[in-house]
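Undergrad: Sharing a structure below in structure tokens format, with a few things to ask.
The values are calculated or read from the model by the stated rules, or taken from the named source; none is laboratory data. Keep in mind it's a predicted model, so treat the numbers as computed, not measured. Note: ideal-geometry Cβ built from the backbone for every residue, glycine included; neighbour counts use all protein chains shown.
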Protein chains: 4
Amino acid sequence: MTKVKKDETVVLIDENYNKYLISTGSKTDKYKGIGVFDPSILVGKEIGKQIEIGSKKFWLLNPSLQDKLQGLKRKAQIILPRDAAQIIMNCSIESGQKVLEAGIGSGSLTTALANTVGSNGKIISYDNREDFIKHAMKNLKKANLENFVETKLKDVTKGISEKNLDAIILDIPNPWDAVEHAYKALKPGGYLCTYSPLTSQVENTIKEIKKHNFIEVKTIENIQRKMVVSDKGMRPSFDMLGHTGYLTFARKVL
Amino acid sequence: MTKVKKDETVVLIDENYNKYLISTGSKTDKYKGIGVFDPSILVGKEIGKQIEIGSKKFWLLNPSLQDKLQGLKRKAQIILPRDAAQIIMNCSIESGQKVLEAGIGSGSLTTALANTVGSNGKIISYDNREDFIKHAMKNLKKANLENFVETKLKDVTKGISEKNLDAIILDIPNPWDAVEHAYKALKPGGYLCTYSPLTSQVENTIKEIKKHNFIEVKTIENIQRKMVVSDKGMRPSFDMLGHTGYLTFARKVL
Amino acid sequence: MTKVKKDETVVLIDENYNKYLISTGSKTDKYKGIGVFDPSILVGKEIGKQIEIGSKKFWLLNPSLQDKLQGLKRKAQIILPRDAAQIIMNCSIESGQKVLEAGIGSGSLTTALANTVGSNGKIISYDNREDFIKHAMKNLKKANLENFVETKLKDVTKGISEKNLDAIILDIPNPWDAVEHAYKALKPGGYLCTYSPLTSQVENTIKEIKKHNFIEVKTIENIQRKMVVSDKGMRPSFDMLGHTGYLTFARKVL
Amino acid sequence: MTKVKKDETVVLIDENYNKYLISTGSKTDKYKGIGVFDPSILVGKEIGKQIEIGSKKFWLLNPSLQDKLQGLKRKAQIILPRDAAQIIMNCSIESGQKVLEAGIGSGSLTTALANTVGSNGKIISYDNREDFIKHAMKNLKKANLENFVETKLKDVTKGISEKNLDAIILDIPNPWDAVEHAYKALKPGGYLCTYSPLTSQVENTIKEIKKHNFIEVKTIENIQRKMVVSDKGMRPSFDMLGHTGYLTFARKVL
């Protein structure tokens, strides 16, 4: 039996699976989706149980990466967890690595990357909009991941000052303009990934990638279908996101 | 400039992107896909360069997770990296966790999981076939991940002795028979995942899941399309894997 | 140059591509989406031109099958044109054939079938709800196809009185209960098709089909993606219908 | 009970569903997939029955459109029936229409189109390779559809001499070069369709289409998944064709 501690971040999940990251050290306030309450009342409660706050019920859990991603507040369009999963897998990102991303957006991919590289690693995140950086770092702070992330107010197409990076992820409108910088900043064997909704973006990026010593160049589209399962049977959901973005990967050699 | 060291595992990648994991401490022998050679000649060579062995050319790199997965020898059908990525993301698996999988198969998912939980974590892998366990552990040893994995010659539908697990992944024909055991073995907030090719397997599993205190139950199908990009334009690949398996996720609460 | 004639059905297409089937012989009235107007003013106008009615602009055309399908008013869920196309192709439906469908729904598939078999053919449509039959026949009348369709207020699972049919299309919740009747009613070489959203429906239907002398049994899922093409590039639409229904086909032999 | 007549075309379907179109008026010969036999022995046999020829069994049927398409011999890559179905539906092609296609390829789309427009209609087929025309017309003759098709040894990008066409289907590498000719040759309300594997082809074609008075411009990708259904359950087929071509549609107005 695990109990909630003082100054701990927990997640409250309501019956529609909306998620709220809360630090038990926060003050009494009005919390969106919960109402006015004092987070310190959670201290000592049992992790895993459903509790009542006001007239609503919430499951009380230690936040998983999924909770952090789903509890995140959006300002810009985000890279969805389904694509973040493919990025992490295809770039072989793991604990201890040094990874650059541009731009930071709402910090969704940043959250997934920071959670993966952990305290021995580092995410460097470039964005040329200060408001995005501020908003994303608020999300990362809530998720207790802000110490693994270093932000720079900088346009990645103007150059990358880091060296020997394990991976570089570009989610910008013109990734081709950063390919040469990325090549120089990667370690041998390091991965470049670009995320682009349009086919023309992919074509331009691949054209630029081919000018440098990259191997294992590939572009994939990742499609996810929800299945609806009931007592009567099973079917794909009628409701579907038809497209997110094309993922292009390449790996630096000398 | 990084140079290959003594007793280090490197990956040799040929021009068709076939990958060979080699320890520089191994003896002169006939290596499949390479031919007869003495791995110690690699010591001192520069990481990232293309080298010649016999009449073939190979890029010489430190092995990434992708290299470990692609260099793996198959005995049974494997869970593909694309699905492993979704499993790790949707189960929020991260460094330091304790995760159970059954069965081990060829050790492909095991490799991805072990690489994720790292030296502070542990993968417990059940299989009722000793030959699969032996074969998989050979793959894990080659990938230097064998110390993060504990195997048990055991049928997971007969019971799970571990407690407080972060996640349980079932890739067996009858996952529904292990759902109750899984519920008991998971920590509150822990994730159950089942991987099943058939819709009937999903239906039976969901029926069993609904008998226990699981939330966030969902089933997805993950489809990946390769894009072919050339100077003339871009198109989805004609060649495509039409289906792998349905992924069902559920999360334990009290 | 073709001009609109008296007592002719035309289609008016507004700039959002909403379509209105209008007979120039109809009286002045309030027409949904057009407003109050006298259809006889269309007589003599040139087919293909954009005209003004009130403050709105409409292209004036002879109605194609697409216009008939898109101008149709829905009461029940319909079989979409994309699936109707696969049904017609896989059942080899053509001019002059005698085809049975059940149920009639809003008459969408009926419209496509009637347009295909034409004046030498016949569509027999069973439905056990009189309101559906009435509503569907209104749609067919607007499309000038009502003479090619014969409706019966009848439950197809209770028996089929027709013989030697070229094809039978079942869009009912329990198609398996009509498979035996369908076998008897089809000509040798005739096609049975069932349309079902759920996998369990497909499984039950196939089980029943296998008890009779059917060959070329197959089930397909037809997925359509819209592509968004602009000056900046091309991508699949974010907005997508994730599923319609599974189409099962079988062919009678002796 | 229907019996095979003299000088009639029937289809023989073996147990792997290979299909052979045979005229009972043909002479004794060696027929591919059947062996040496005298087609006149089929006269008087019952349609729908399975018969033996040599050591093989065949179902004996009147050929449907599916049989004609599946019995067709390929010389060039063909437009598959699944895409032909969408072309016919989205261009509203029906009995009695005059439709132009370019090129003829192996005559697969031609077969589907000719079968649809029937004896009151006409398919005009341009190709700049005489060998393709000859090969395709052999296929059409076997399918008894040769009288509905008129071929021209001509490059469609050099001009179209026909006027007032109901639809024009372009399956050529550079459809944009024929868009202006197509606009002139179509009747008001007539449909243009282009079939292109590459996204760049679609982009160029749409750019040209926008220069003329076309409405209802759209591009779709049609994906078909086979489902494997057995007693144990159901799943999508592992084996899948990942892409055929993008279908672009547009409709002429004045």
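Undergrad: Go through segment C:218-246 and give me each residue that's in contact with a helix residue (DSSP H, G or I) (Cβ under 6 Å, 6 or more places away or on another chain) and of a type outside the set (S, T, N, Q).
TA: C:VAL229, C:GLY233, C:MET234, C:TYR246
Undergrad: Another question, if that's okay. Considering each of C:TYR195, C:TYR191, C:TYR183 in turn, give the residue that is under 14 Å from the mean Cα position of the chain (by Cα), at pLDDT 95 or above and of a type in the set (Phe, Trp, Tyr).
TA: Result of the check over C:TYR195, C:TYR191, C:TYR183: C:TYR195.
Undergrad: With the requirement that a residue be facing another protein chain (nearest Cβ under 7 Å) and either surrounded by fewer than 16 Cβ atoms within 10 Å (Cβ to Cβ) or not aliphatic (A, V, I, L, M) (or both), what does segment B:219-235 give you? Full working, then the answer.
TA: Of segment B:219-235, the ones facing another protein chain (nearest Cβ under 7 Å) are B:219-227, B:229, B:232-235.
Selection gives B:THR219, B:GLU221, B:ASN222, B:GLN224, B:ARG225, B:LYS226, B:LYS232, B:GLY233, B:ARG235.
Undergrad: Also: Among the numbered criteria (1) touching a Lys or Arg at 6+ places or on another chain (Cβ under 6 Å); (2) crowded, with 16+ Cβ neighbours inside 10 Å, which single criterion is violated by D:GLY44?
TA: The failed condition is (2).
Undergrad: Name the single residue, out of those in segment A:17-35 being closer than 18 Å to B:GLY189 by Cβ and among the polar types (S, T, N, Q), that is surrounded by the fewest Cβ atoms within 10 Å (Cβ to Cβ).
TA: Only one residue tops the list, namely A:ASN18.
Undergrad: Additional query: If I filter segment A:82-102 for residues that are over 20 Å from B:TYR191 (Cβ atoms) and over 22 Å from the mean Cα position of the chain (by Cα), do I get at least one hit?
TA: no
Undergrad: Additional query: Taking B:ASP67 as meeting all but one of (1) touching a Lys or Arg at 6+ places or on another chain (Cβ under 6 Å); (2) assigned to a strand (DSSP E or B), write down the number of the exception.
TA: Condition not satisfied by B:ASP67: (2).
Undergrad: Exactly one of (1) under 28 Å from B:GLY118 (Cα atoms); (2) within 14 Å of another protein chain (Cβ to nearest Cβ); (3) of a type in the set (Asp, Glu) is unmet by B:GLU15. Its number?
TA: B:GLU15 satisfies every listed condition except (1).
Undergrad: May I ask you to list the residues in segment C:80-118 that are within 12 Å of chain D (Cβ to nearest Cβ), part of a loop (DSSP other than H, G, I, E, B) and either without any contact (Cβ under 8 Å) to a residue 40 or more places away in the chain or more than 18 Å from D:ALA85 (Cβ to Cβ) (or both)?
TA: C:GLU94, C:SER95, C:GLY96, C:GLY118
Undergrad: Looking for something within 21 Å of B:ALA85 (Cα to Cα), surrounded by 24 or more Cβ atoms within 10 Å (Cβ to Cβ), of a type in the set (Ser, Thr, Tyr) and in contact with a Phe, Trp or Tyr (Cβ under 6 Å, 6 or more places away or on another chain) - is there at least one such residue anywhere in segment B:201-209? Walk me through it before giving the result.
TA: Here is the first cut: in segment B:201-209, the ones within 21 Å of B:ALA85 (Cα to Cα) are B:202.
Applying the additional criterion that residues be surrounded by 24 or more Cβ atoms within 10 Å (Cβ to Cβ) yields B:202.
Cutting the leftovers down to of a type in the set (Ser, Thr, Tyr) gives us none.
No: segment B:201-209 contains no residue that is within 21 Å of B:ALA85 (Cα to Cα), surrounded by 24 or more Cβ atoms within 10 Å (Cβ to Cβ), of a type in the set (Ser, Thr, Tyr) and in contact with a Phe, Trp or Tyr (Cβ under 6 Å, 6 or more places away or on another chain).
Undergrad: Follow-up. State yes or no: is A:SER106 surrounded by 20 or more Cβ atoms within 10 Å (Cβ to Cβ) and assigned by TED's automatic domain parsing to the domain that holds A:GLU216? Steps first, answer last, please.
TA: On the way: surrounded by 20 or more Cβ atoms within 10 Å (Cβ to Cβ): yes; assigned by TED's automatic domain parsing to the domain that holds A:GLU216: yes.
The answer is yes for A:SER106.
Undergrad: Testing A:THR219 on (1) of a type outside the set (A, V, I, L, M); (2) farther than 24 Å from B:ASP67 by Cα; (3) without any contact (Cβ under 8 Å) to a residue 40 or more places away in the chain, one condition comes back false. Which one is that?
TA: Tallying (1) of a type outside the set (A, V, I, L, M); (2) farther than 24 Å from B:ASP67 by Cα; (3) without any contact (Cβ under 8 Å) to a residue 40 or more places away in the chain, A:THR219 fails exactly one: (2).
Undergrad: Continuing with this model, one more query. Of all residues in segment C:148-180, how many are surrounded by fewer than 17 Cβ atoms within 10 Å (Cβ to Cβ) and not charged (D, E, K, R)?
TA: Taking segment C:148-180 first, the residues surrounded by fewer than 17 Cβ atoms within 10 Å (Cβ to Cβ) are C:150, C:153, C:155, C:158-159, C:161, C:163-164, C:173-174, C:180.
In the following step, the residues that additionally are not charged (D, E, K, R) were identified as C:153, C:159, C:161, C:164, C:173-174.
Matching residues across segment C:148-180 total 6.
Undergrad: Follow-up. Give the number of residues within segment B:219-243 that are of a type outside the set (Val, Ile, Thr), outside any loop (DSSP other than H, G, I, E, B) and either within 30 Å of A:SER230 (Cα to Cα) or not assigned by TED's automatic domain parsing to the domain that holds B:LEU192 (or both).
TA: Of the residues in segment B:219-243, the ones of a type outside the set (Val, Ile, Thr) are B:221-222, B:224-227, B:230-243.
Add one more test, that the residue is outside any loop (DSSP other than H, G, I, E, B), and what stays is B:221-222, B:224-227, B:230, B:233-236, B:239-241.
Restricting the remaining residues to those that are either within 30 Å of A:SER230 (Cα to Cα) or not assigned by TED's automatic domain parsing to the domain that holds B:LEU192 (or both) gives B:221-222, B:224-225, B:240-241.
Number satisfying all stated conditions: 6.
Undergrad: Kindly indicate which of D:ASP67, D:ASP38 is within 24 Å of C:ASN213 (Cα to Cα) and either surrounded by fewer than 19 Cβ atoms within 10 Å (Cβ to Cβ) or in contact with a strand residue (DSSP E or B) (Cβ under 8 Å, 6 or more places away or on another chain) (or both).
TA: Result of the check over D:ASP67, D:ASP38: D:ASP67.
Undergrad: Check off (1) assigned to a strand (DSSP E or B); (2) touching a Phe, Trp or Tyr at 6+ places or on another chain (Cβ under 8 Å); (3) more than 11 Å from chain C (Cβ to nearest Cβ) for D:ALA76 and give me the number that stays unchecked.
TA: Just one mismatch for D:ALA76, condition (1).
Undergrad: So, one more: Here is a check on your reading of the model: is B:GLU94 charged (D, E, K, R) and either outside the structural domain of B:LEU145 (by TED's automatic domain parsing) or surrounded by fewer than 16 Cβ atoms within 10 Å (Cβ to Cβ) (or both)?
TA: Working: charged (D, E, K, R): yes; either outside the structural domain of B:LEU145 (by TED's automatic domain parsing) or surrounded by fewer than 16 Cβ atoms within 10 Å (Cβ to Cβ) (or both): no.
No, not satisfied.
Undergrad: To continue, here is another question. Could you count how many residues in segment D:7-16 are surrounded by fewer than 17 Cβ atoms within 10 Å (Cβ to Cβ) and touching a residue at least 12 places away in the same chain (Cβ under 8 Å)?
TA: Adding up the residues that qualify gives 3.
Undergrad: Follow-up question, since we're still on this one. Hey, can you tell me all the residues within segment B:236-250 that are facing chain D (nearest Cβ under 10 Å) and either in contact with a Gly (Cβ under 7 Å, 6 or more places away or on another chain) or among the hydrophobic types (A, V, I, L, M, F, W, C) (or both)?
TA: B:PRO236, B:SER237, B:PHE238, B:ASP239, B:MET240, B:LEU241
Undergrad: Anything in segment A:48-60 that is closer than 14 Å to B:ILE215 by Cα and surrounded by 14 or more Cβ atoms within 10 Å (Cβ to Cβ)? List them, or say none.
TA: A:GLY48, A:LYS49, A:GLN50, A:PHE58, A:TRP59, A:LEU60
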